[in-house]
Every structure is written in structure tokens, then in C-alpha cells.
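Please treat every number below as a calculation from the coordinates, not as lab data. What you see is a predicted model, and the numbers here were worked out from it, not measured in a lab. Because the Cβ atoms are built from the backbone with ideal geometry, glycine has one as well, and the counts that use them run over all protein chains shown.
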Amino acid sequence: MSQTVTTREPATRPARRRTGRPWALIVAVCLVFGFLYAPIVWLALVSFNDSRTVSRFTGFSTHWYAELVQDERVIAALGLTLRIALSSAVVCTIVGTLAAFGLRRTFRGRGLWTVVLTLPLVVPEVVMGVSLLAFFVKLAGIPLGFWALLAAHVAFSLSFVVVVVRSRLAGMDTRLQEAAADLGAGPLTAFRTVTLPLVAPAIAAGSAFAFLLSFDDVVISSYLTGVGSTTLPVFVYGQASKRGVSPEIVALSTAMVGVSALLLLIGVAVVTWRARRVGRRVDLTVAG
């Protein structure tokens with residue numbers, strides 16, 4: 001008489017889900033954010049200190065900001081910085097966008113031009129500042145001042161516009177252009193109604209990058225500053241080197257951080273709004 005033995009495989013236990021919070025990750029993130037933003041928060045608090053020493057808080061006051069508005073040196077440096085930053089952003093936006101569209105095509109020497117246009121991203125600012133100083137003074141004969149600063153800021157900001165716009169072009173769906181052509185749109189019409197609206201957020205982002213890089217630059221500008229052409233970051237660095245960290249410098253630095261952060265938030269909001277609007281408009285255009 002034979003007997004049949006039935007064996008049962010052990011039931012696999014379901015994986016236990018971790019419901020607890022990753023405290024190690026939370027602590028690490030808090031430490032990183034604290035390391036990055038604690039000095040900025042301290043700077044903002046000290047800028048409203050009534051005392052002339054930054055190490056002792058005696059009361060809340062906006063006296064130092066009023067002093068900045070009345071300082072002619074600060075106003076002159078701010079005006080020069082804004083003129084250079086706006087001019088650099090306009091030139092970089094136009095040239096960088098055209099270069100990004102050009103690098104989208106396949107031609108002989110494309111790799112070389114790509115390296116040339118993106119090389120300033122990895123070149124140290126000290127090396128770039130010294131090389132530009134030698135070029136302007138020894139070879140080109142351009143006097144130090146506004147034009148030398150503008151050329152230098154365009155040189156190191158152009159790469160960011162090229163990279164941002166080119167990355168958007170690389171991720172763009174070419175079927176939208178083909179659909180526009182199938183619907184009877186010519187090359188210029190397809191570019192104006194499909195390509196340009198899709199690339200517009202990247203162009204705006206690249207322009208904002210170029211402006212902020214020029215507005216906050218210290219290293220390269222310090223090499224090319226001439227008599228009566230001191231930018232605001234170079235002015236802050238010079239005053240801090242001579243007199244130390246005074247309440248006026250703290251207030252001026254806080255104002256610069258606030259302006260940069262405000263422009264960055266406005267740029268992000270505009271780019272996000274533009275991207276959503278353009279996406280809906282392109283869908284309607286292709287569907288129609």
C-alpha cells in the first residue's frame with residue numbers, strides 16, 4: 001500500500017513596510033540647509049541692528065539702509081552694475097540662443113564649437129580674469145571700464161544660455177514641427193507658432209542666469225575695474241577688506257541677496273507660467 005506524502009512550501013512572509021520617518025535623511029537635509037542658509041539669515045538679522053558692531057544686538061533699526069540710499073558711491077556702483085548686467089543679459093540671450101539653434105544641426109566642426117562655447121563653465125574665474133585682462137590691455141587696447149567689463153561678463157555668461165537653450169531643444173518633440181508642416185505651416189510659421197513658444201521658457205531662464213551671474217560677479221570684475229567704474233560686488237569686497245564687516249556692508253550685502261532672490265523667484269514664476277500657457281497653446285494649434 002503506497003502512501004502519498006504531500007509537502008507544503010513555506011509561505012513567504014510579506015515584506016514589512018517601514019512606516020517610520022527616515023530621521024537620518026531628515027537630519028542630513030536640515031544640516032545641509034542650515035549650513036547654506038544660516039549665514040544669510042544671520043546677515044539679514046544683523047542688517048537691522050542699531051549698533052555699529054555686528055557682534056552685539058542693541059535694537060531693531062533701518063538706519064543702515066537709509067545710509068545706503070544717501071551714499072553716492074553705492075548709487076553709482078549700483079547703476080553701473082545694472083547697466084552691465086542688463087546689457088550682458090541681452091547680448092547673451094541673442095547670441096546664445098542663435099548658437100544653441102546652430103549646434104542643433106549637424107555640421108563639420110560641431111564638436112569643436114560645442115567645446116569652445118561650454119569651456120568657460122569649467123575654467124576657473126581667476127584664470128579667466130587674468131587672461132581677459134591680458135587680452136584687453138596688451139592685445140586689444142581696450143581701456144578698463146564699462147566695455148571691458150561688459151565683454152568679460154558676456155564671455156563667461158554666454159555658456160549658460162547656450163547650455164540651457166540647447167538642453168530644451170534636445171528634449172523638444174520634433175513631431176510637433178512635423179504636424180505643423182502637415183497642416184500647411186511653412187518653416188517660418190512653424191518656428192513662430194511651435195518652436196519659439198516651446199523654447200521661450202528656456203530662453204527666459206538663460207537670460208535670468210546671465211543677468212544674475214553678471215550682477216553678482218566679483219572675481220573677474222575685480223581684474224577689469226577701471227577708475228570710476230567699480231561694480232557693486234567689487235565695491236562691497238573692497239570696503240569689507242579695508243574696514244572689516246561694518247553694518248553698512250552687512251546691509252548692502254543683504255540688499256544684494258534680496259534683489260537676487262527676488263529676481264530668481266520672479267524668473268521661476270514667469271517661466272513656469274509661460275511653460276503652462278505655451279503647452280496649452282501649442283496643443284490647440286496642432287489640434288486645429
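Numbers for the structure displayed
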item: Computed over region 84-169, the ratio Rg/Rh where both radii use C-alpha atoms and Rh is Kirkwood; result: 1.01
item: Euclidean distance between Cα centres, region 58-79 to region 223-259, Å; result: 12 Å
item: Order by protection proxy (mean Cβ within 10 Å, highest first), peptides 157-169, 116-128; result: 157-169, 116-128
item: Cα-based convex hull volume of region 143-237 per residue, rounded to whole Å³; result: 101 Å³
item: Label-point separation in nm, L264 to S241, each point 7 Å along Cα→Cβ; result: 2.6 nm
item: Estimated FRET transfer efficiency (L139, W42; beta-carbon r; R0 35 Å; 0.05); result: 0.20
item: Ranked by how many other beta carbons lie within 10 Å on average, peptides 256-269, 87-100 from highest; result: 87-100, 256-269
